[in-house]
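Peer 1: I'd like to ask you about the structure that follows.
The values are calculated or read from the model by the stated rules, or taken from the named source; none is laboratory data. A quick note: this is a predicted structure, and the numbers were derived from the prediction, not measured. Here the Cβ is made from the backbone with ideal geometry for all residues, glycine too, and neighbour counts use every protein chain on show. Surface accessibility is based on the protein's heavy atoms, side chains included, excluding ligands, DNA and RNA. Shrake-Rupley method; radii C 1.70, N 1.55, O 1.52, S 1.80 Å.
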Amino acid sequence: MERPAWAPRSIDISVPSVSRMYDYYLGGSHNFEVDREAARRAMEFMPGLPKVMQANRAFMRRAVRYAAGQGISQFLDIGSGIPTFGNVHEVAQAAHPDARVVYVDHDPVAVAHSQAVLEGDDGAGVVAADLRKPQEILRSPEVERLIDLNQPVALLLVAILHFVEDEDDPYGAVAELREALAPGSLLVLTHASYEGIPLPPERAGGAVDVYEGIRNPLIMRSREEIARFFEGYDMVEPGLVAMPHWRPDAAPEDEDPYAFSGFAGVGRTA
């Protein structure tokens, strides 16, 4: 298999990657056949997976615009993945030219491509780190350079927490990040769930098994379990809802049924 120039030498291009599968679902070009094969296997069970990812990105953009409208100009996007058109820094800087954005991911392809996209943009940076180690993120040079933790920050955890198993204490990691944020900060979150998927759970479970098979377990939590991530936050209206229902730009009834899979919400620290 030929290694493209954008693929770091350190990665094993014979092993599927969640971020590259996500890129494939969104129609991107930074993925390999092994990623596409795994994504297609998952889509045999859930053919609407690309619609779920598109709904995730659309919610993220609405939430970033909302945060900017609330006067927030600092954004920390953990589990940011491979940049696509209309990513956080583009949306944020369109609203606030001086907005500062830090992307965080542990996938080398996502980090390398983010660095290439952000070259020459002094208001944005990227950190190679893992959500499960919040202090490595918070103490990183890029966060210290770009983010003033004494001022409100929009913390984005979009489509990332469902890849953190309970034994790795995702609730503790989210709480540790919350404790570092100034009052008035926002938590922007989406999470996969069997609730809302227009399929029987056993059918959707086939797609979950694909992720288990590539050693990236997909943890489908209930609405109640997802709501626990917002402990210490006041929910922004309309609360924790299906992605198309969060401050939509268009009529939710026009959305694909798969877009309603899982939950999205925004919370504000007191």
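Peer 1: From the square roots a ≥ b ≥ c of the eigenvalues of the alpha-carbon gyration tensor of region 114-155, which class results: rounded (a/c under 1.5), prolate (a/b over b/c), or oblate?
Peer 2: Details: a/c = 2.12, a/b = 1.26, b/c = 1.69.
Oblate.
Peer 1: Among Ser193, Ser29, Ser222, determine the one that fluctuates most according to a GNM of the chain built with springs between C-alpha atoms less than 10 Å apart.
Peer 2: Evaluated over the chain, the most mobile residue of the options is Ser29.
Peer 1: While we're looking at this one, here's another question. Kindly rank 148-157, 170-179 from highest to lowest mean number of other beta carbons found within 10 Å of each residue.
Peer 2: Working: 148-157: 19.6, 170-179: 17.6.
With the highest mean Cβ count within 10 Å placed first, the list reads 148-157, 170-179.
Peer 1: For Ser193, which sequence-distant residues (separation of 5 or more, or a different chain) have an amide H within less than 5 Å of its own amide H, given hydrogens modelled in the peptide plane?
Peer 2: Gly262, Phe263
Peer 1: Figure the gain on full extension for Arg247 and Ala270 (residue separation times 0.36 nm, minus the Cα-Cα span) and round it to one decimal in nm. Intermediate results must be reported in sequence, preceding the final value.
Peer 2: On the way: separation 23, 0.36 × 23 = 8.28 nm, distance 2.15 nm.
The span from Arg247 to Ala270 would gain 6.1 nm if fully extended.
Peer 1: Could you compute Rg(Cα) / (2.2 N^0.38 Å) for region 75-131, with N its residue count? Don't skip to the end; give the middle numbers.
Peer 2: Working: Rg = 10.3 Å, N = 57, 2.2 N^0.38 = 10.2 Å.
Rounded to two decimals, the normalised Rg is 1.01.
Peer 1: Here is a further query. How large is the accessible surface per residue of the chain, computed with a 1.4 Å probe and reported in Å² as a whole number? Write down the numbers at each step before the final one.
Peer 2: Values: 11930 Å² over 270 residues.
Solvent-accessible surface per residue comes out at 44 Å².
Peer 1: Apply the Karplus curve 6.51 cos²θ - 1.76 cosθ + 1.60, θ = phi - 60°, to the phi angles in region 25-38 and return the couplings in whole Hz, x for Gly and Pro.
Peer 2: Values, residue by residue: 4, 8, x, x, 10, 9, 8, 10, 4, 5, 5, 5, 5, 5 Hz.
Peer 1: Rounded to the nearest 20 debye, what is the charge dipole size of the chain about its Cα centre when +1 sits on each Lys and Arg Cβ and -1 on each Asp and Glu Cβ? Please report the intermediate quantities before stating the final value.
Peer 2: Details: 24 positive and 41 negative charges, 67 e Å.
With only Lys, Arg, Asp and Glu charged at Cβ, the dipole is about 320 debye.
Peer 1: Moving to a separate point now. Apply the Kirkwood formula to region 10-85: the hydrodynamic radius equals the inverse of the mean of 1/r over all pairs of different alpha-carbon atoms; give it in Å with one decimal.
Peer 2: Values: mean 1/r = 0.0723 Å⁻¹.
That comes to 13.8 Å for region 10-85.
Peer 1: Then there is this: Please work out the Cα convex hull volume for region 79-173 and give it in Å³ per residue. Intermediate results must be reported in sequence, preceding the final value.
Peer 2: Numbers: hull volume 10.0 nm³, N = 95.
About 105 Å³ per residue, rounded to a whole number.
Peer 1: Still on this model: Give me the mean projected area, in nm² to one decimal, of the convex hull enclosing the Cα positions of region 96-232.
Peer 2: Details: hull surface 38.7 nm².
With the hull built on Cα positions only, its mean projection is 9.7 nm².
Peer 1: Let me ask something additional. So what is log10(I(q)/I(0)) for region 42-101 at q = 0.12, 0.15, 0.24 1/Å, when the Debye sum runs over its Cα atoms only?
Peer 2: Values returned for q = 0.12, 0.15, 0.24 Å⁻¹ are -0.34, -0.49, -0.96.
Peer 1: Scale the Cα Rg of region 176-270 by the rule-of-thumb value 2.2 N^0.38 Å and send over the ratio, two decimals. Mind dumping the intermediate values first?
Peer 2: Numbers: Rg = 15.1 Å, N = 95, 2.2 N^0.38 = 12.4 Å.
My calculation over the Cα atoms of region 176-270 gives 1.21.
Peer 1: In µm²/s, what is D for region 23-136 at 10 °C and 1.306 mPa s, where D = kT/(6 pi eta Rh) by Stokes-Einstein and Rh is the Kirkwood radius from Cα pairs? Intermediate values should be presented prior to the final figure.
Peer 2: Values: Rh = 15.1 Å.
So the translational diffusion coefficient is about 105 µm²/s.
Peer 1: Can I ask one more? Once neighbouring chains are kept in place and the probe is 1.4 Å, which whole percent of the accessible area of region 1-120 is contributed by carbon and sulfur? Walk me through the intermediate numbers first.
Peer 2: Details: 2680 of 5080 Å².
Reported share for carbon and sulfur atoms: 53 percent.
Peer 1: Taking the dipole about the Cα centre of the chain, with the C-beta of Lys and Arg at +1 and of Asp and Glu at -1, give me whichever of Phe229, Val34, Leu118 is farthest to the positive side.
Peer 2: Ranked along the dipole, the leading option is Leu118.
Peer 1: How high is the relative contact order of region 170-270, given as a whole-number percent (alpha carbon pairs under 8 Å, six or more residues apart)? Let's see the in-between values first.
Peer 2: Numbers: 143 pairs, mean separation 43.8, N = 101.
It comes to 43 percent, rounded to a whole number.
Peer 1: Distances longer than 33 Å among the Cα atoms of the chain: what percent of all pairs is that? Please list the in-between numbers first.
Peer 2: Values: 5332 of 36315 pairs.
Looking at the chain, the distances longer than 33 Å represent 15 percent of pairs.
Peer 1: Run the numbers on region 47-176 and let me know its relative contact order in percent, using alpha-carbon pairs under 8 Å that are six or more apart. List each step's numbers first, then the result.
Peer 2: On the way: 187 pairs, mean separation 35.3, N = 130.
In percent, rounded to a whole number, it is 27.
Peer 1: Rounded to the nearest 500, what is the chain's calculated 222 nm mean residue ellipticity when only DSSP H runs of at least 4 contribute -39500 (n - 2.57) each, over all residues? Kindly include the intermediate steps, with their values, before the conclusion.
Peer 2: Working: 10 runs with 101 residues, N = 270.
It comes out at -11000 deg cm²/dmol, rounded to the nearest 500.
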